[in-house]
Structure formats: C-alpha cells, structure tokens
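The block underneath contains the structure these notes are about, expressed in structure tokens.
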Amino acid sequence: MSEVKYWVGFNLIPGIGRARLGRLLEHFGDLEKAWHADPAELKSAGLDSRSVQAIAARRPKIQLDAEMEKLERYRVKALIQNDPSFPQRLKEIYDTPPVLYVRGSLIPEDEWSLAVVGTRRVTMYGREVTERLVTDLARNKITIVSGLARGIDSIAHRAALASGGRTIAVFACGLDMVYPAENQKLAQEIMEHGALVSDYPLGTKPKAENFPRRNRIMSGLSLGVLVTEAM
C-alpha cells in the first residue's frame, strides 16, 4: 500500500499522533495529500502552530522511500489500522498507535493472548510461579505478551518458547535495536515464534519515558494482564 509510507513519514515527526493525524485525514481525505500540503493548508486542517512548524521543519529531512527501504532491510512491517494484520483489539484502546511496527508475524490466533509482567529483580518464587503459569497457558494456545525486560518478562518469553507456544515482545524503542542487549538471542527466537512489535520508529532509543507508553500496547494486545511478582 503506497499510503503506508506517508503514515511512516508523519510518525517520524514529534507531536503528530493519533488525534492530529485524524484531523489531517478528515480534512485531506488521505495522508499523501496532507504530506504535500503547505503550512496554510495544514492550519486549515485544524493543526496548531507548533504542529505546523514541526512538520515544516522535519518533513524536508525525511526521505520516504529511504525509510521504507530501511524497514525492508530490517524485515519490519509497518501496519496501519486498515491493514488486515493490524490487531483488532489494539484498535479499541484510547490511544491507538497510528503505526505498529512488526518483526516476525502476527496471526489471528494471537487474539487469544495474555500479558505476563513483573519485577526485574525476580526471586526464586517469582521465577517458579511464572514458569509454571506460562507453561500451562502456552500449552493451551494462549499467546504470551511481555516486554523483553530483565526478570519476569524474559522468564515469561522463555517459558512460552520452551512450551512450544507463541510470544510477542513489545519494545519501548525502535525494532532495529534490542534492549537490554543481553536479550538479543531471545529476541531472535521470539521473532521466529511470534513477533517483536513497537509503535516507535526505527532509530528510537529506549528512553525512560517510552516505557509507560509502551505498556498501553501490551495491555491493548491482551485479554488481560498477569503480574506474577512485583516489588
């Protein structure tokens, strides 16, 4: 879909999120026309001056075809909401991501998913409980969603894989990097038996403020959230 590159382009501009993209779509009909609009036209679509300035400053520096080639190089799919592969449940949250980046595969069966999360400073109790619960869930065809962090997250992903199940890791950074770096091998295994997903563009570093926003994706993908140990 040629329109995807314009969604990817706007997603690279700070401050242009779901609400402002909605205004652009309502006014222009599609994002290709919005991408080529001049500042006056953008203002007439209902964007504030700061957003118009951000677009005017950032847009000339973005090479859309090069961005799409970069995604292809990293084997990342950019899903927008009218893509059949975009998770249905994620469309229902308040702050739906305009673009969902995916490495690996999302399948219809992933609608049966549960987020499993917890402390990074895991105890033996937390490890045992997480492994037992996730093993049972994965064997019953429940996809395990977590955040690839140290501790409970990593244990949950590994238990799902060891049980022959599917698992999805939600990143708080671009999918061209793995955080923490020690989970590089685990991320590769997840990609082969599930997916790595993020609403952050390639090149986005894992800043502290990204993690709380990342959590809405985890919960939005899942039927529920299981906290196996918290500190």
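The values are calculated or read from the model by the stated rules, or taken from the named source; none is laboratory data. Everything numeric in this text was worked out from a predicted model, so none of it was measured. Backbone-built Cβ (ideal geometry, glycine too); neighbour counts: all protein chains shown. In case anyone asks, the SASA skips ligands and DNA or RNA and just uses the protein heavy atoms, side chains included. Shrake-Rupley method; radii C 1.70, N 1.55, O 1.52, S 1.80 Å.
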Which of the residues belonging to region 77-113 are open to solvent by less than 20 Å² (accessible area, probe 1.4 Å) and out of contact with any helix residue (DSSP H, G or I) (no Cβ under 8 Å at 6 or more places or on another chain)? LEU79, PHE86, VAL102
Has region 204-211 got at least one residue that is outside any helix (DSSP H, G or I), farther than 29 Å from GLU67 by Cβ and in contact with a Phe, Trp or Tyr (Cβ under 7 Å, 6 or more places away or on another chain)? no
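Going by the structure shown, is GLU189 over 28 Å from ASN11 (Cβ atoms), assigned to a helix (DSSP H, G or I) and among the acidic types (Asp, Glu)?
Working: over 28 Å from ASN11 (Cβ atoms): no; assigned to a helix (DSSP H, G or I): yes; among the acidic types (Asp, Glu): yes.
Here the answer is no, as GLU189 does not meet what is asked.
Does region 131-140 include one or more residues that are basic (Lys, Arg), assigned to a loop (DSSP other than H, G, I, E, B) and surrounded by fewer than 20 Cβ atoms within 10 Å (Cβ to Cβ)? Outline the logic, then answer.
First, pick out the residues of region 131-140 that are basic (Lys, Arg): 132, 139.
When the remaining residues are screened for being assigned to a loop (DSSP other than H, G, I, E, B), the result is none.
No: region 131-140 contains no residue that is basic (Lys, Arg), assigned to a loop (DSSP other than H, G, I, E, B) and surrounded by fewer than 20 Cβ atoms within 10 Å (Cβ to Cβ).
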Determine whether region 166-184 contains at least one residue that is more than 30 Å from GLN63 (Cα to Cα) and in a helix (DSSP H, G or I). yes
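Please state which one of ALA66, ALA45 is farther than 30 Å from SER113 by Cβ, without any contact (Cβ under 8 Å) to a residue 24 or more places away in the chain, among the small types (Gly, Ala, Ser) and surrounded by 13 or more Cβ atoms within 10 Å (Cβ to Cβ). Steps first, please.
Numbers: ALA66 fails: surrounded by 13 or more Cβ atoms within 10 Å (Cβ to Cβ).
Of the residues listed, the single one that is farther than 30 Å from SER113 by Cβ, without any contact (Cβ under 8 Å) to a residue 24 or more places away in the chain, among the small types (Gly, Ala, Ser) and surrounded by 13 or more Cβ atoms within 10 Å (Cβ to Cβ) is ALA45.
Determine which member of the set GLY9, GLY15 is under 21 Å from the mean Cα position of the chain (by Cα) and at pLDDT 95 or above.
Values: GLY15 fails: at pLDDT 95 or above.
Being under 21 Å from the mean Cα position of the chain (by Cα) and at pLDDT 95 or above holds for just one of GLY9, GLY15, which is GLY9.
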Can you name the residue in region 141-153 that is over 20 Å from PRO97 (Cβ atoms) and in contact with a helix residue (DSSP H, G or I) (Cβ under 6 Å, 6 or more places away or on another chain) and is also surrounded by the most Cβ atoms within 10 Å (Cβ to Cβ) among such residues? ILE144
Is there a residue being surrounded by fewer than 17 Cβ atoms within 10 Å (Cβ to Cβ) and under 30 Å from PRO14 (Cβ atoms) anywhere in region 155-175? no
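Take the residues in region 176-231 that are acidic (Asp, Glu) and in contact with a helix residue (DSSP H, G or I) (Cβ under 7 Å, 6 or more places away or on another chain); name whichever of them is most open to solvent (accessible area, probe 1.4 Å). Spell out the reasoning first.
Quick first cut of region 176-231, residues acidic (Asp, Glu) only: 176, 182, 189, 192, 199, 209, 229.
Imposing the further condition that a residue be in contact with a helix residue (DSSP H, G or I) (Cβ under 7 Å, 6 or more places away or on another chain) reduces the set to 189, 199, 229.
Values: GLU189: 61, ASP199: 18, GLU229: 23 Å².
Only one residue tops the list, namely GLU189.
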Taking interchain pairs and intrachain pairs at least six residues apart, which have beta carbon atoms under 7 angstrom, with the first residue in region 10-36 and over 20 Å from PRO60 (Cα atoms) and the second β-branched (Val, Ile, Thr)? ARG18/THR96
